[in-house]
Amino acid sequence: MPDHWLRPTCLFPDEAEVARLIMGPKRAKTWPERALILERQGLPPIDPLLGRRYWPAVRDFFDRRQGLKGAEIAGYALDGPEDWS
């Protein structure tokens, strides 16, 4: 699937656009309560000066949460090499 549909119109999209990008148009209305839960897990908060979330950080949060980036997967750090002996 092409990645172009996950590009917002700007770096700081409004919450309605974030909701559509993350949840899809049919489930976007469920975003506000889910965003509160996800913020406790590390979702970037709304910037107090701009009143919106920084999209690259939001995308990075979900990539890491799904195990696509970084050494941490879903909040658990790797604990070292495996010892099979």
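How many residues are open to solvent by 40 Å² or more (accessible area, probe 1.4 Å) and touching a residue at least 24 places away in the same chain (Cβ under 8 Å) if we restrict to region 52-61?
4
When residues of region 56-70 are filtered for being of a type in the set (A, V, I, L, M) and at pLDDT 90 or above, how many remain?
2
Please find, within region 29-41, the residue that is modelled with the lowest pLDDT out of those that are in contact with a helix residue (DSSP H, G or I) (Cβ under 8 Å, 6 or more places away or on another chain) and either under 14 Å from Leu6 (Cβ atoms) or surrounded by fewer than 14 Cβ atoms within 10 Å (Cβ to Cβ) (or both).
Gln41
The values are calculated or read from the model by the stated rules, or taken from the named source; none is laboratory data. Since the model is a prediction, treat every value here as computed from it, not as a measurement. Don't worry about glycine lacking a Cβ; one is built from the backbone with ideal geometry, like all the others, and counts go over all protein chains shown. Keep in mind that these areas ignore ligands, DNA and RNA; they rest on the heavy atoms of the full protein, side chains included. Shrake-Rupley method; radii C 1.70, N 1.55, O 1.52, S 1.80 Å.
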